[in-house]
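**Q** First the structure, which I've put down as structure tokens, then a few questions once you've had a look.
The numbers here are math on the coordinates, done by the rules we state, and not lab data. Bear in mind that the values here come from a model prediction, so they are computed numbers and not experimental data. Because the Cβ atoms are built from the backbone with ideal geometry, glycine has one as well, and the counts that use them run over all protein chains shown.
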């Protein structure tokens with residue numbers, strides 16, 4: 001039985017690796033063609049084809065994380081269908097490979113793919129994506145989102161702060177920083193404008209900061225005390241990862257960074273629905289590899305005629321694509337309808353797991 005398990009594992013791993021390499025090569029080509037429009041046209045001179053290739057190459061781990069469940073499904077379906085067509089799986093069944101053992105063999109292999117997907121999505125992809133964004137920032141001079149940049153909120157005692165960071169520079173420092181301070185009654189108490197700022201341990205250091213304090217009097221008039229400082233320290237719990245989270249896409253963050261950012265949003269009375277859904281998606285997405293191997297197992301119990309294997313493999317590919325689309329659909333719908341974040345993230349996997357187990361049970365028990 002150990003020999004059969006090793007044979008199946010070797011065949012599936014080889015097929016998944018081949019399919020994954022093919023998809024990554026296609027994504028690399030398309031991304032490189034899209035990136036060529038910035039070559040020698042960026043704000044900073046020197047962004048040539050080598051930088052474009054480097055940027056696209058650093059984006060590969062993010063594509064790998066997104067593709068792994070689909071390539072696991074395609075590779076496993078191909079192996080199972082080929083073993084069924086050549087009657088090798090029938091021989092394995094007569095040698096003692098029952099449905100339970102076959103399911104356990106694939107689930108063991110699926111757990112390996114789960115660990116690989118988690119490692120790529122939580123460690124390799126965030127690091128490579130930050131490096132890729134640094135390359136892009138060097139080309140464009142800065143990294144920003146939208147017309148006004150990123151907005152964050154923090155509460156310190158009975159005062160609250162609205163913070164705007166227009167962009168992140170290529171050196172990792174902030175550009176165009178605006179800080180608005182409000183008192184307990186919600187009135188504007190002070191504001192700080194600084195062209196640049198750098199992160200520190202528990203504080204920011206703002207350069208050439210213009211600090212305006214609104215001192216209200218008993219009369220209707222208010223006095224504005226304004227001063228300009230070459231350096232102004234500002235104590236805050238907003239870290240560099242939180243600013244990057246507001247600038248970059250949440251799906252490119254590590255799970256622990258998402259959790260910390262969600263805690264920060266909740267502590268300051270901000271909506272964290274979008275980030276909570278993304279957090280639970282990052283928890284459940286690697287587990288979809290288990291769903292895919294279970295979904296592929298029924299193909300080993302089908303009876304193939306000559307040339308019919310391609311149609312079944314194509315059907316499996318469409319099932320994988322539909323899972324990916326359903327996963328995104330539930331994410332958008334859950335954010336709009338304010339559904340439970342963990343249920344929104346887990347629903348596609350639960351639906352496809354039940355469908356695959358039902359198909360497996362029908363093919364094995366009834367046929």
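**Q** What is the calculated FRET efficiency for residue 354 to residue 274, with r their C-beta to C-beta distance and R₀ = 41 Å, to the nearest 0.05? List each step's numbers first, then the result.
**A** Details: r = 27 Å, r/R0 = 0.67.
Result of the calculation: an efficiency of 0.90.
**Q** Using 18 Å as the cut-off for backbone N distance, which residues of the stretch 24-38 belong to the label zone defined by a point 7 Å from the Cα of residue 57 along Cα→Cβ?
**A** From the stretch 24-38, the list is 24-36.
**Q** How tilted is helix 273-284 with respect to the longest principal axis of the chain? Cα atoms for both, answer in degrees (0 to 90, nearest 10).
**A** 30
**Q** Go ahead and estimate [θ] at 222 nm for the chain from helices alone: -39,500 (n - 2.57) per DSSP H run with n ≥ 4, summed, over the residue count, rounded to 500.
**A** Working: 12 runs with 206 residues, N = 367.
Value at 222 nm, helices only: -19000 deg cm²/dmol.
**Q** If you stretched the chain out fully between residue 187 and residue 10, how much longer would it get, using 0.36 nm times the residue separation minus the C-alpha to C-alpha distance?
**A** Values: separation 177, 0.36 × 177 = 63.72 nm, distance 6.66 nm.
Answer, rounded to one decimal: 57.1 nm.
**Q** A further question on this structure: Kindly rank 259-269, 150-160, 75-85 from highest to lowest mean number of other beta carbons found within 10 Å of each residue.
**A** Details: 259-269: 16.6, 150-160: 14.6, 75-85: 23.6.
Per-residue mean Cβ counts within 10 Å order the peptides as 75-85, 259-269, 150-160.
**Q** Given R₀ = 45 Å, what would the calculated FRET efficiency be for residue 239 paired with residue 103, taking r from the Cβ atoms and rounding to 0.05? Numbers along the way, then the final one.
**A** Details: r = 45 Å, r/R0 = 0.99.
Approximately 0.50, to the nearest 0.05.
**Q** When Rg and Dmax of the Cα atoms in Å is calculated directly from the model, which label among (1) 30.7, 103; (2) 25.2, 78; (3) 26.6, 95 fits?
**A** Derived directly from the coordinates: (3).
**Q** If you don't mind, another one. Expressed in nm to one decimal, what extension gain is obtained for the pair residue 50 and residue 229 from 0.36 nm per residue of sequence separation less their Cα-Cα distance?
**A** Working: separation 179, 0.36 × 179 = 64.44 nm, distance 4.15 nm.
Additional length available on full extension: 60.3 nm.
**Q** Right, here's the next one. What's the angle, to the nearest 10 degrees (0 to 90), between helix 2-35's Cα axis and the longest principal axis of the chain?
**A** Value to nearest ten degrees: 40.
**Q** Give the angle, between 0 and 90 degrees and rounded to the nearest 10, that separates the Cα long axis of helix 60-85 from the longest principal axis of the Cα atoms of the chain.
**A** The answer is roughly 10 degrees.
**Q** Modelling each spin label as a point 7 Å along the Cα-to-Cβ direction, I'd like the residue 196/residue 153 distance in nm, to one decimal.
**A** Once both label points are built, they end up 3.1 nm from each other.
**Q** For residue 119 and residue 36, what is the calculated FRET efficiency with R₀ set at 41 Å and r taken between the beta-carbons, to the nearest 0.05? All intermediate terms of the calculation are to be shown ahead of the outcome.
**A** Details: r = 32 Å, r/R0 = 0.77.
Efficiency for this residue pair is about 0.85.
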